[in-house]
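Notes follow the structure.
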Amino acid sequence: MADGTNPFILLARITVKPGQLDAYLDLAATADAAVEASEPGMLLYGVNQDGTDPHKLVWTEVYRRSDDFLFHADNPAVASFLERQADLLLDIEVEIYGTVSPSVIDRIDGLGVPLRCFPSTRVGFVRSERFA
């Protein structure tokens, strides 16, 4: 659904600068607490460390619909996190799995980070009835 009413997955693959991992994880914990307290449309929010390189992390985010991502992007705690994380990162890339509204693509493009988008295809599915 190109109207943005379906759930989707966002992955943010990042590499933290050497010596900055603890500072990054502290910053991430603060952002996580704010998201948990204020974003009911964030169905899953987590960060995991690569098993072969401790400086590589993957944020996994599942949104109920596109408007929930836009709410997340406007969250002052998230904006502060994004601004403060910039000095701690070597690189970042965002991937979206599922069909989102054009506003989501525009918002991520506005951040100036590489984006790969994989709209819903015949391979893969989201059981949206679980998120209703």
* Asked: How big is the accessible area of GLU61 in square angstrom, nearest 10, if you roll a 1.4 angstrom probe over the protein chains?
  -> 20 Å²
* Asked: How much solvent-accessible surface does SER80 expose, in Å² to the nearest 10, with a 1.4 Å probe and all protein chains in place?
  -> 50 Å²
* To do: Translational diffusion coefficient, Stokes-Einstein: compute it for segment 1-61 using the Kirkwood radius over C-alpha pairs as Rh, at 37 °C and 0.692 mPa s, and state it as an integer in µm² s⁻¹.
  => 251 µm²/s
* Count the net charge of all other residues whose Cβ sits under 14 Å from the Cβ of VAL94, scoring Lys and Arg as +1 and Asp and Glu as -1. => -3
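Hey, any idea what Rg/Rh is for segment 1-115, computing Rh the Kirkwood way over Cα pairs? List each step's numbers first, then the result.
Values: Rg = 13.7 Å, Rh = 14.4 Å.
That ratio equals 0.95.
The values are calculated or read from the model by the stated rules, or taken from the named source; none is laboratory data. From a predicted model like this one, the values you see are computed outputs, not experimental measurements. Every residue, glycine as well, gets a Cβ built from its backbone with ideal geometry; the counts of neighbours run over all protein chains shown. When the accessible area is computed, the model is the full protein with side chains, heavy atoms only, and any ligands, DNA or RNA have been set aside. Shrake-Rupley method; radii C 1.70, N 1.55, O 1.52, S 1.80 Å.
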